[in-house]
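The block underneath contains the structure these notes are about, expressed in structure tokens.
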Amino acid sequence: MLHTGMQLRKKYNGMNRKILFIASHRKDRAPGQRFRFEQYFEWLNQNGFHCELSFLFGEKEDAILYGKGKYWKKIWIGCSAILRRWKDVRKRNDFDIIFIFREAFITGSIFFEKQFRKSRAKLIYDFDDAIWIDVISSSNRSFAWLKNAEKTAQIIKMVDLVFAGNMFLANYSLKYNSKVVVIPTTINTDEYKPRYSTDKEKVVIGWSGSKSTIEHFKHAIPALIFVKKRYGSKVEIRVIGDENFKHEELQIKGYAWKLETELRDLQCFDIGIMPLPNNEWTKGKCGLKGLQYMSLEIPTVMSPVGVNNEIITDGINGFLANQTDEWVSKLSLLIENHNLRIEIGRAGRKTVVEKYSVSSQQVNYLNQFNLILSQ
């Protein structure tokens, strides 16, 4: 029997159902977790789901795991993480749904996914990057042998439903499982609101990311050097996410990312940029940086890679730029025309509100959980 979303919500309204979310990091720590499922916890709870997050690494473990050296401590952290996952296995039948974000464990093994598959729970798998491609951080190259490029496909084969962040990821998933839905990465536009500034003496071009993605920012440096030479002190360039990054010619001293100041830091941008190389890994990206800028009415310039081509209609709600001369031309347009920045910024926020906001996707998100339980 087919059920509409409304029928499913009525059917399950008031029922106490439980979801175990399996992820690597604590709440509010990782952007992927925050913008793909953590921000839906309250909505799910209001609609009859109890959400429990099981993570592997706390703040102390993070500092060790993503730093260089300290291999014995990293091994100890790995052993502790195994024990945590075993606790999840022992209580697997207490849940109606087990939701796995990216992987249940950090090695190439799918042992824990297999254990969850033996439970009474339905399994949902969610991912937002082309994680079947091995990308190893420089601080953990010694552990590269633990990775398994085939792991993602193996997990997809065994679950009841796949949440893919975009069509590139969905098309990969469909090779292994017919039950795939595209759930875009979304922004809470009730929280992400523009802050208007009357000081227009200096135009701030901003990039936000992490230490692992600072290489992406570097693709824009040739264009930014040209822009800086052309406009001088009228332009300031800010980098958020890598406090160790410096560029003397561009007068950049990177800022550390902090959850408490994230919104305020982004709201200081007059133009947001998301440069990317064009490769298989970046084609799997879900456009989060650009969506954050756009939600704040910050006019955005992005590389025409992957889902960025779906988010941006060039010259309408943002700009797409590939070669250096395109970046220079489109950044110059925005620097010189305050009214254009306002117009593009407003159109960008409208796009996010209509297609990439929590409010635009929350009913569909809830329906997917209800639907899987009705099957």
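The values are calculated or read from the model by the stated rules, or taken from the named source; none is laboratory data. Quantities reported herein were computed from a predicted structural model and do not represent experimental measurements. Positions of Cβ are backbone-derived with ideal geometry, glycine not excepted, and every protein chain shown enters the neighbour counts.
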request  = For the range 23-34, state whether one or more residues are touching a residue at least 60 places away in the same chain (Cβ under 8 Å), of a type outside the set (A, V, I, L, M) and in contact with an Asp or Glu (Cβ under 6 Å, 6 or more places away or on another chain).
outcome  = yes
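If you go through the range 307-322 one residue at a time, do you hit one that is touching a Cys at 6+ places or on another chain (Cβ under 8 Å) and under 16 Å from Lys355 (Cβ atoms)? Please lay out each step first, then the result.
At the first step, the residues of the range 307-322 found to be touching a Cys at 6+ places or on another chain (Cβ under 8 Å) are 307.
Then drop every residue that is not under 16 Å from Lys355 (Cβ atoms), which leaves 307.
Yes, the conditions are met somewhere in the range 307-322.
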message = Given the criteria over 17 Å from the mean Cα position of the chain (by Cα), assigned to a helix (DSSP H, G or I), surrounded by fewer than 17 Cβ atoms within 10 Å (Cβ to Cβ) and modelled with pLDDT of 95 or more, does Asp265 qualify?
response = no
note = The residue that is surrounded by the fewest Cβ atoms within 10 Å (Cβ to Cβ), considering only those in the range 135-189 that are of a type in the set (Gly, Ala, Ser) and modelled with pLDDT under 95, is Ser138
ask   = Is there any pair linking a residue in the range 222-248 that is closer than 30 Å to Leu259 by Cα and free of Cβ contacts under 8 Å to residues at least 24 places away in the same chain to one that is among the small types (Gly, Ala, Ser) and not in a strand (DSSP E or B), with Cβ under 9 Å and at least six apart or on different chains, and which?
value = Glu243/Gly254; Glu243/Ala256; Lys246/Gly254
inquiry  = Checking Gly345 against (1) under 18 Å from Met274 (Cα atoms); (2) surrounded by fewer than 19 Cβ atoms within 10 Å (Cβ to Cβ): exactly one of these is not met. Which one?
reply    = (2)
ask   = When the range 42-94 is examined, which residues are found to be at pLDDT below 80, loosely packed, with under 13 Cβ neighbours inside 10 Å and of a type in the set (Phe, Trp, Tyr)?
value = Tyr71, Trp72
query = If Val301 passes every condition in (1) buried (at least 23 other Cβ atoms within 10 Å of the Cβ); (2) within 17 Å of the chain's Cα centre (by Cα) but one, which one does it miss?
reply = (2)
inquiry  = With the structure loaded, tell me whether Ser332 is in contact (Cβ under 8 Å) with a residue 24 or more places away in the chain and surrounded by fewer than 17 Cβ atoms within 10 Å (Cβ to Cβ) or whether it fails that test.
reply    = yes
task = Collect the residues in the range 87-124 that are under 27 Å from Gly48 (Cβ atoms) and part of a loop (DSSP other than H, G, I, E, B), keeping them in residue-number order.
result = Lys91, Phe95, Asp96, Arg102, Ala104, Lys118, Ser119, Arg120, Ala121
query = In the range 30-86, which residues are more than 23 Å from the chain's Cα centre (by Cα), assigned to a helix (DSSP H, G or I) and of a type in the set (S, T, N, Q)?
reply = Gln46, Ser80
note = Of those in the range 190-209 that are at pLDDT 95 or above and either outside any loop (DSSP other than H, G, I, E, B) or surrounded by fewer than 11 Cβ atoms within 10 Å (Cβ to Cβ) (or both), the residue nearest to the chain's Cα centre (by Cα) is Ser208
ask   = How many residues does the range 144-188 hold that are touching a residue at least 12 places away in the same chain (Cβ under 8 Å) and not in a loop (DSSP other than H, G, I, E, B)?
value = 23
message = Being of a type in the set (Phe, Trp, Tyr) and either over 19 Å from Leu288 (Cα atoms) or not assigned by TED's automatic domain parsing to the domain that holds Asn278 (or both) is the filter here; which residues of the range 209-254 pass it?
response = Phe226, Tyr231, Phe245
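Please specify each residue of the range 36-53 satisfying the condition of being touching a Leu at 6+ places or on another chain (Cβ under 6 Å) and not acidic (Asp, Glu).
First, pick out the residues of the range 36-53 that are touching a Leu at 6+ places or on another chain (Cβ under 6 Å): 47, 51-52.
Hits for the range 36-53 are Asn47, Cys51.
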